[in-house]
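Engineer: Provided herewith is a single structure, encoded as structure tokens, for subsequent inquiry.
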Amino acid sequence: MASFGDLNSFVGIGRLTRDPELRYTPSGTAVCRFGLAINRTYKSKEGDNVEDPLFINITVWGKQAEFSSQYLKKGRRIAVNGELRSNNWVDRDGNKRISFEINARTVQLLDYLRDIESSTEDEYSNVGTFKDSSTDEEIAEEDNYIDEKGDEEDIPF
């Protein structure tokens, strides 16, 4: 009989519930934390649409944490790929406590320039997916972005 390994994978799209908080470990590694709200919509027995939000804490490490703190703001729509982690501790009263969070591997900004009223074009022109790894660090521009102010003659091909 075939044996299959365990899988711990999270993919979610939602909106930030608060601005990212950037901190550094004593060794200098960047750590960024923020909240993500993912809405689940369903119909009640009466036929009304009901939105049921799920609130998730996200932790991002390294250069990706610095990217997140620089470009992400409360209300922005993002996609997160990562894994579920648990934190166990004992509170002041001696009770065992546990919390869960997502340790993000990739974070992608999903807002378009025209949807972000307070930003400048230069600030977000190179924002897309940021992938942090020891051998391959890249910022990839969003493939579907078209500058509405541009002229077709400016296209080099």
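Engineer: Which of the residues spanning the range 40-62 are among the β-branched types (Val, Ile, Thr) and either within 19 Å of residue 84 (Cα to Cα) or open to solvent by 70 Å² or more (accessible area, probe 1.4 Å) (or both)?
Structural biologist: Answer for the range 40-62, where residues must be among the β-branched types (Val, Ile, Thr) and either within 19 Å of residue 84 (Cα to Cα) or open to solvent by 70 Å² or more (accessible area, probe 1.4 Å) (or both): 41, 56, 58, 59, 60.
Engineer: If residue 79 meets every condition in (1) closer than 28 Å to residue 6 by Cβ; (2) open to solvent by 40 Å² or more (accessible area, probe 1.4 Å) apart from one, which number is that one?
Structural biologist: If we test residue 79 against (1) closer than 28 Å to residue 6 by Cβ; (2) open to solvent by 40 Å² or more (accessible area, probe 1.4 Å), just (2) comes out false.
Engineer: Here's another thing I want to ask about it. Return only the number of the condition from (1) of a type outside the set (S, T, N, Q); (2) part of a strand (DSSP E or B); (3) touching a residue at least 40 places away in the same chain (Cβ under 8 Å); (4) more than 25 Å from residue 27 (Cβ to Cβ) that residue 73 does not satisfy.
Structural biologist: In the conditions (1) of a type outside the set (S, T, N, Q); (2) part of a strand (DSSP E or B); (3) touching a residue at least 40 places away in the same chain (Cβ under 8 Å); (4) more than 25 Å from residue 27 (Cβ to Cβ), residue 73 misses (2) alone.
Engineer: Pairs under 7 Å by beta carbon, first residue part of a loop (DSSP other than H, G, I, E, B) in the range 24-46, partner open to solvent by less than 90 Å² (accessible area, probe 1.4 Å) and not hydrophobic (A, V, I, L, M, F, W, C), six or more apart or different chains?
Structural biologist: Partner pairs satisfying both residue conditions: 29/62.
The values are calculated or read from the model by the stated rules, or taken from the named source; none is laboratory data. Everything numeric in this text was worked out from a predicted model, so none of it was measured. Backbone-built Cβ (ideal geometry, glycine too); neighbour counts: all protein chains shown. Only protein heavy atoms, including side chains, enter the accessible area calculation; ligands, DNA and RNA are left aside. Shrake-Rupley method; radii C 1.70, N 1.55, O 1.52, S 1.80 Å.
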